[in-house]
1. Which of the following residues is under 30 Å from G209 (Cβ atoms), among the polar types (S, T, N, Q), at pLDDT 85 or above and surrounded by fewer than 17 Cβ atoms within 10 Å (Cβ to Cβ): Q140, Q53?
2. Among the numbered conditions (1) open to solvent by less than 20 Å² (accessible area, probe 1.4 Å); (2) in contact with a strand residue (DSSP E or B) (Cβ under 9 Å, 6 or more places away or on another chain); (3) at pLDDT below 85, tell me where A245 comes up short.
3. Could you check, for segment 214-221, whether at least one of its residues is modelled with pLDDT under 85, out of contact with any helix residue (DSSP H, G or I) (no Cβ under 9 Å at 6 or more places or on another chain) and not aromatic (F, W, Y)?
4. Being modelled with pLDDT under 85 and either at negative phi or assigned to a loop (DSSP other than H, G, I, E, B) (or both) narrows it down to one of E112, E124, E162, so name that one.
5. Identify, by number, the condition in (1) at pLDDT 80 or above; (2) surrounded by 14 or more Cβ atoms within 10 Å (Cβ to Cβ); (3) of a type in the set (A, V, I, L, M) that L83 doesn't meet.
6. Going by what's in this entry, would A97 be described as free of Cβ contacts under 8 Å to residues at least 60 places away in the same chain, part of a helix (DSSP H, G or I) and either within 22 Å of A64 (Cα to Cα) or among the aliphatic types (A, V, I, L, M) (or both)?
7. Given the conditions (1) under 20 Å from the mean Cα position of the chain (by Cα); (2) over 30 Å from I98 (Cβ atoms); (3) at pLDDT below 90, report the number of the one that P199 does not fulfil.
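The values are calculated or read from the model by the stated rules, or taken from the named source; none is laboratory data. These numbers come from a predicted model, not from an experiment. In this analysis, Cβ positions are derived from the backbone assuming ideal geometry, glycine residues included, and neighbour counts consider all displayed protein chains. Quick note on the areas: whole protein, heavy atoms, side chains included, nothing else; ligands and nucleic acids left out. Shrake-Rupley method; radii C 1.70, N 1.55, O 1.52, S 1.80 Å.
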Amino acid sequence: MKTQSTPARGRASLVMDGCPPGGSVSRFEIPPRHELERELLAISEREQRRIGQDLHDGICQELAAVHFALESAKKLAGPSSRLAAQLQVISRGVHRAIHHTRLISRGLAPYELEDGDLAGALRELAETTGTLHEISCALQTHGPIPAFDPETATHLFRITQEAIQNAIRHGGATAIEITLDFSGIEARLAVHDNGSGLPEASSAAPGRGMGWKIMQHRATVLGGVVEIGAGKNGRGTTIRCIFPA
């Protein structure tokens, strides 16, 4: 049985052969573009949360068991043997791997976002970034920070994450400042860095990289915009999300 697609504003119809004009047809609604974007972001968020939980509950637990076994083997080898010294080195390496894996899992699934505690999640993100990349990263807040619904908090958190990763990967930043400002009519979330900035030809430049487009989509869902410009005192880059307070 053949089908013919009939375009319509805001919806699509399927007209079946043999169906009389004006007769009953099968219809389905096509949601607006921003609704599709919202759903795609929700799917992505669920996947990131799942990966974070798998890292924490799976790999971290496996590494912890290996670390425990190494500590037991070190005791059996005796404190003065060369084997014990080698086991100690391996045990410390596994311990560092556990620590880093936990930090990564927390970045993928911050529990603060479930309660809408954006400031708490950003503060931990700053600490984690500083630890993993051995750079300076801090959060500054201005004005009374409201409680957020989990979806809004998650979008703002992911925008910040992407801006930080751009600053480190493409700008070589050694210092990053996150600012959450609710002192004005509009709310502002900004990420300032002291890196080299984003060159025009870079794949990470505005409009070119997938990360930048996803940040724009997230801001659109919030009814806001994302801007990019020179950093403080003309150094580095500032990525700013302006959204309704």
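1. On the way: Q53 fails: at pLDDT 85 or above.
Just a single option satisfies the conditions, and that option is Q140.
2. Against the list (1) open to solvent by less than 20 Å² (accessible area, probe 1.4 Å); (2) in contact with a strand residue (DSSP E or B) (Cβ under 9 Å, 6 or more places away or on another chain); (3) at pLDDT below 85, A245 comes up short only on (1).
3. no
4. Values: E124 fails: modelled with pLDDT under 85; E162 fails: modelled with pLDDT under 85.
Going through E112, E124, E162 in turn, the sole match is E112.
5. (2)
6. Numbers: free of Cβ contacts under 8 Å to residues at least 60 places away in the same chain: yes; part of a helix (DSSP H, G or I): yes; either within 22 Å of A64 (Cα to Cα) or among the aliphatic types (A, V, I, L, M) (or both): yes.
The answer is yes for A97.
7. (1)
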